[in-house]
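The values are calculated or read from the model by the stated rules, or taken from the named source; none is laboratory data. Being a predicted model, the structure only gives us computed values, none of them experimental. Cβ atoms come from the backbone with ideal geometry, glycine included; neighbour counts cover every protein chain shown.
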Amino acid sequence: MTNKEEKIMLSHGSGGRMMHELIENLFIKHFGNKILNEQTDAAILPVNSSDIAFTTDSFVIDPLFFPGGNIGKLAVCGTVNDLAVSGAEPLYLSVSFILEEGFPLRELDVIVTSLAAEAKKAGVLIVTGDTKVVNKGKCDKLFINTAGIGRVNNEDRNISKALDIKAGDVIIINGTIGDHGMAVMNARESFNFKAYVESDCASLNHLIREVLNCSSVKFMRDPTRGGVATVLNELVEKIHLGIEIEESSIPLNSGVKAMCELLGFDPLHIANEGKVIIVAGEKEGLKILEALKNNELGLQSAIIGRVVADHPGKVVLRNETGGRRIVDSLSGDQLPRIC
């Protein structure tokens, strides 16, 4: 790190380049081991004759309530999805609350009720937890920490590692991008845009299981902080190939598009909380697309691009006029505290 980066900044939690440098240069440096070094969304752990997936997450979103959800629902969806995109069947969650003195019990009741409802919908059990209260002014209302455990079938254990990706494989997403980030931004800043934007916050484990039961998947990841651009850039670094995506194929709500244009944001960098990126062979991709579109969480699914042998290590966007530009990961953070 350079001298000006000696203190933690909001950008270190963005999901972009600064966060990954912090992970590599500090956490991996001191904690590194064979399992952790894979840096997948959930660690696949050998236990006797079977494997389990184990993940943890913390939620510091501001505001706590936003169109389409709240911090409680988000905590379940985020943890369940990290397990599911790693090929695991989510089973158990822990939930810990850090509360600021003076936080309204009525609001806490709404959040806990929402959290419990989403856990039931996802089919997971909350089996342990913890609660701490800190002095007023020592915490911003409420933070939630979760951990999740899931069961992994042997045929799915390498899905998050991108081992067999080849040029010609297709990139699929299950719907519109940028909804969560723009919904939270609008709720936080009270821009009062006429267009209504709702977060896509949803647990994807049932959708993903339907896909895995009918087809062969080479890679999955949920594009949360840092958005689609960050996931694709991390992927090309792993596979030493390139990716080309078609702007005209990317599903985008009109409200999100309008807000991004007005605020100068690229929707490819905006967080999602109900989306999964899937990489598969071309024939398998068509089967996956059909399975996704038969589920309410995948009605707007689309093939948005392909893996290519050209420009290894780079993600290139082809726009509607035929122009091309490189899509990079953000070094900082456009929208802090988005999850």
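Counting the residues of region 71-116 that are at pLDDT 95 or above, out of contact with any strand residue (DSSP E or B) (no Cβ under 9 Å at 6 or more places or on another chain) and small (Gly, Ala, Ser) gives 0.
Picking from residues in region 135-161 that are out of contact with any strand residue (DSSP E or B) (no Cβ under 6 Å at 6 or more places or on another chain) and not in a loop (DSSP other than H, G, I, E, B), the one that is nearest to Thr56 (Cα to Cα) is Ser160.
Specify which of the listed residues (Gly181, Gly150) is crowded, with 24+ Cβ neighbours inside 10 Å and assigned by TED's automatic domain parsing to the domain that holds Leu91. Going through Gly181, Gly150 in turn, the sole match is Gly150. Does Glu118 meet the test of being under 25 Å from Gly274 (Cα atoms), more than 23 Å from the chain's Cα centre (by Cα), part of a helix (DSSP H, G or I) and charged (D, E, K, R)? No: the conditions fail for Glu118. The lone criterion from (1) surrounded by 15 or more Cβ atoms within 10 Å (Cβ to Cβ); (2) more than 22 Å from Leu163 (Cβ to Cβ) left unmet by Gly322 is number (1).
Yes/no per residue for (1) buried (at least 17 other Cβ atoms within 10 Å of the Cβ); (2) in contact (Cβ under 8 Å) with a residue 24 or more places away in the chain; (3) out of contact with any Gly (no Cβ under 7 Å at 6 or more places or on another chain):
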position: Ala258; (1), (2), (3): no, yes, yes
position: Lys283; (1), (2), (3): no, no, yes
position: Glu290; (1), (2), (3): no, no, yes
position: Gly298; (1), (2), (3): yes, yes, no
position: Ile304; (1), (2), (3): yes, yes, yes
position: Leu317; (1), (2), (3): yes, yes, yes
position: Arg337; (1), (2), (3): no, yes, yes
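All of Ser301, Ser329 fail the test of being modelled with pLDDT of 95 or more, of a type in the set (Ser, Thr, Tyr) and under 30 Å from Arg188 (Cα atoms), apart from Ser301. Working only within region 71-104, note down all residues that are of a type in the set (S, T, N, Q) and either crowded, with 23+ Cβ neighbours inside 10 Å or part of a loop (DSSP other than H, G, I, E, B) (or both). Answer for region 71-104, where residues must be of a type in the set (S, T, N, Q) and either crowded, with 23+ Cβ neighbours inside 10 Å or part of a loop (DSSP other than H, G, I, E, B) (or both): Thr79, Asn81, Ser86.
With a requirement of 3 or more residues that are assigned by TED's automatic domain parsing to the domain that holds Thr79 and within 17 Å of the chain's Cα centre (by Cα), none of the strands (runs of 3 or more DSSP E) lying completely within region 193-307 satisfies it. In the condition set (1) under 25 Å from Lys7 (Cα atoms); (2) in a strand (DSSP E or B), Phe27 is compliant with all but (2).
Do you know which residues across region 100-115 are touching a residue at least 12 places away in the same chain (Cβ under 8 Å) and out of contact with any helix residue (DSSP H, G or I) (no Cβ under 7 Å at 6 or more places or on another chain)? Selection gives Glu100, Glu101, Gly102, Phe103, Glu107, Leu108, Val110, Thr113.
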